[in-house]
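Chemist: I am attaching a structure below and will ask some questions about it afterwards.
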Amino acid sequence: MSLNYRHLHYFWMVAKEGGFARAAERMDMAIQTISAQVRELEKDLGHQLLKPAGRGVALTDAGQVAFAKAEEIFQLGQSLPELVRAVASKPQQRFKIGLCDGISKLAVHALLKPVLGTPDLHLTCHEGEPEQLLAELALHHLDFVFASQPPPANPNLRMQSRVLSTSAVDWYGASALVKKGSASHFPQCLAQLPVLLPTGHSRLRVDLNHWFEQHAIVPHVVGEFEDSALMSVFAARGLGVFPVNRLGVNDTGTLSGLRLLGQCDDLHEAIHGVWNVRGIDHPLVVEILK
C-alpha cells in the first residue's frame, strides 16, 4: 500500500485542532472535503482513527499511533526549508574516506592534518576490509582510501595508489611497565612484558611476527586490536606495551601516562593512499597527495 500523505496531513490537522470544524477553519477548506480525505485514510489503513468526543473528536488507539508518526513526519517537513537554506547558504566540503582494518589510525590522523582545517569540512570515515572499501571507492561512494598495501592490479577498477608514508615503529607503554622493561635490554624485554598487537590480518602484524622471529623473541601477547587508537587507550591504562607508527607518535600525547619503551629502526609501516582516477579532481584528495 502506498500511503497518501495528503490524507495523512488532513488527519494530523484534525487531531491537532481537536475537530473537523477547527481544522477546516485553520486550513480554509470545507469540512466535507477534510472529512472525506480522513475517511479515505482510515479505509486505506483498515482502522478507525478518530471517534466523536463532545463537539469534537478524539483519537482511537490506532489513531494515537498514526498521530505520533504523523507528528514526526510533518515536524521534519516543517524543518526542511530551514535546513535547505542553511546548506545552500554555506556549502560543506564533503570528504568521505575509508580506513582499512589494521592500519595505524593515529598515523592516518597525522596524514589528514593538511585538510582538517578546511572551512566547513564534513569528514566521513568508514572502516572495513580492503575489498569492501575498494568496492565503495570504485562506485564513488568514497573519495579516498588509506590502506596498508596498494590495490590489486585490475584495469577495470581504474584506481591509482601512492605510498603516503613509510615510518619506523616505536614501542610505548604506561610508565610503570616502561620502567619495569628498562631493566632488561630492548627489545628482549618484550618477552617478559605484557604486549598488545594488531590483529592477524594487519600487514603490520605480519611484519611484527617476522621481526620477532629475527630477534628470537616470543612475545607475551595479552591483547589484539584492529584499531590502533583503541590499542593505545588500553596501553595507557596499563594493559600492556604496544607498537605505534612513528608518524602517529605525536597523537599519543592525547593519552596521559604513555612513555617510550624503545625504537625499531629496522621495522617500518607503510601507508598507501588509493583513489579513483575519476576522483583526482577532489580538492582534498589533491591536498593530501601534495
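Chemist: State all residues of the range 19-67 that are surrounded by 14 or more Cβ atoms within 10 Å (Cβ to Cβ), over 47 Å from the mean Cα position of the chain (by Cα) and assigned to a strand (DSSP E or B); if no residue qualifies, say none.
Modeler: Correct list: GLY56 only.
Chemist: Can you work out which of the residues in the range 216-232 that are without any contact (Cβ under 8 Å) to a residue 60 or more places away in the chain and surrounded by 14 or more Cβ atoms within 10 Å (Cβ to Cβ) is farthest from GLY257 (Cα to Cα)? Lay out the reasoning, then the answer.
Modeler: So in the range 216-232, the residues without any contact (Cβ under 8 Å) to a residue 60 or more places away in the chain come out as 216-225, 230-231.
From what's left, surrounded by 14 or more Cβ atoms within 10 Å (Cβ to Cβ): 217, 219, 222-225, 231.
Values: ILE217: 26, PRO219: 22, VAL222: 19, GLY223: 19, GLU224: 21, PHE225: 20, MET231: 14 Å.
Once the filter is applied, the top-ranked residue is ILE217.
Chemist: Pull out all pairs, ordered by first then second residue, where Cβ-Cβ is under 6 Å, the residues are six or more apart or on different chains, the first lies in the range 46-73 and is free of Cβ contacts under 8 Å to residues at least 24 places away in the same chain, and the second is of a type in the set (Asp, Glu) and open to solvent by 30 Å² or more (accessible area, probe 1.4 Å).
Modeler: Short answer, once both residue conditions are applied: GLN48/GLU42.
Chemist: A follow-up question, please. Against the definition (more than 15 Å from ILE288 (Cβ to Cβ), open to solvent by less than 30 Å² (accessible area, probe 1.4 Å) and more than 16 Å from the chain's Cα centre (by Cα)), how does ASP120 come out, yes or no? Walk me through it before giving the result.
Modeler: Values: more than 15 Å from ILE288 (Cβ to Cβ): yes; open to solvent by less than 30 Å² (accessible area, probe 1.4 Å): no; more than 16 Å from the chain's Cα centre (by Cα): yes.
So ASP120 fails the test.
Chemist: Here's something else I'd like to know. Tally the residues that are within 19 Å of PRO198 (Cβ to Cβ) and surrounded by 15 or more Cβ atoms within 10 Å (Cβ to Cβ), restricting the search to the range 127-149.
Modeler: Pass one, the range 127-149, residues within 19 Å of PRO198 (Cβ to Cβ): 127-133, 145-149.
If we keep only those that are surrounded by 15 or more Cβ atoms within 10 Å (Cβ to Cβ) as well, we get 127-128, 130, 133, 145-149.
Adding up the residues that qualify gives 9.
Chemist: Would you be able to tell me the number of residues in the range 76-117 that are surrounded by 15 or more Cβ atoms within 10 Å (Cβ to Cβ) and of a type in the set (S, T, N, Q)?
Modeler: First, the residues of the range 76-117 that are surrounded by 15 or more Cβ atoms within 10 Å (Cβ to Cβ): 95-112, 115.
Filter again for of a type in the set (S, T, N, Q), leaving 104.
Matching residues across the range 76-117 total 1.
Chemist: So the check is Cβ under 7 Å with 6+ separation or different chains; which pairs have a first residue in the range 94-110 that's over 18 Å from LEU284 (Cα atoms) and a second one that's charged (D, E, K, R) and in a strand (DSSP E or B)?
Modeler: Here the result reads ASP101/GLU127; SER104/GLU269, each pair linking the range 94-110 to a residue that is charged (D, E, K, R) and in a strand (DSSP E or B).
Chemist: Taking into account only those residues within the range 152-171 that are of a type in the set (S, T, N, Q) and surrounded by fewer than 18 Cβ atoms within 10 Å (Cβ to Cβ), which is nearest to SER232 (Cα to Cα)?
Modeler: First pass over the range 152-171, keeping only residues of a type in the set (S, T, N, Q): 154, 156, 160-161, 165-167.
Those left that are additionally surrounded by fewer than 18 Cβ atoms within 10 Å (Cβ to Cβ): 154, 156, 160-161, 166.
Values: ASN154: 36, ASN156: 39, GLN160: 31, SER161: 28, THR166: 20 Å.
Ranking the qualifying residues of the range 152-171, first place goes to THR166.
Chemist: For residues that are open to solvent by less than 10 Å² (accessible area, probe 1.4 Å) and touching a Pro at 6+ places or on another chain (Cβ under 8 Å), tally how many sit in the range 199-215.
Modeler: Narrowing the range 199-215 to residues open to solvent by less than 10 Å² (accessible area, probe 1.4 Å): 202, 208, 211-212.
Filter once more, keeping what is touching a Pro at 6+ places or on another chain (Cβ under 8 Å): 208, 212.
Of the residues in that region, 2 qualify.
Chemist: Residues of the range 129-170 being on the phi > 0 side of the Ramachandran plot and of a type in the set (Gly, Ala, Ser), which ones?
Modeler: Going residue by residue through the range 129-170, those that are on the phi > 0 side of the Ramachandran plot are 140, 158.
Passing the criteria: none in range.
Residues checked against (1) within 21 Å of ASP281 (Cβ to Cβ); (2) of a type in the set (S, T, N, Q):
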| site | (1), (2) |
| --- | --- |
| THR118 | yes, yes |
| LEU121 | yes, no |
| GLU131 | no, no |
| LEU137 | yes, no |
| GLN160 | yes, yes |
| THR166 | no, yes |
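The values are calculated or read from the model by the stated rules, or taken from the named source; none is laboratory data. The structure presented is a predicted model; accordingly, all values stated were derived computationally and were not measured. Note that each Cβ is placed from the backbone with ideal geometry, even for glycine, and that neighbours are counted across all protein chains shown. Quick note on the areas: whole protein, heavy atoms, side chains included, nothing else; ligands and nucleic acids left out. Shrake-Rupley method; radii C 1.70, N 1.55, O 1.52, S 1.80 Å.
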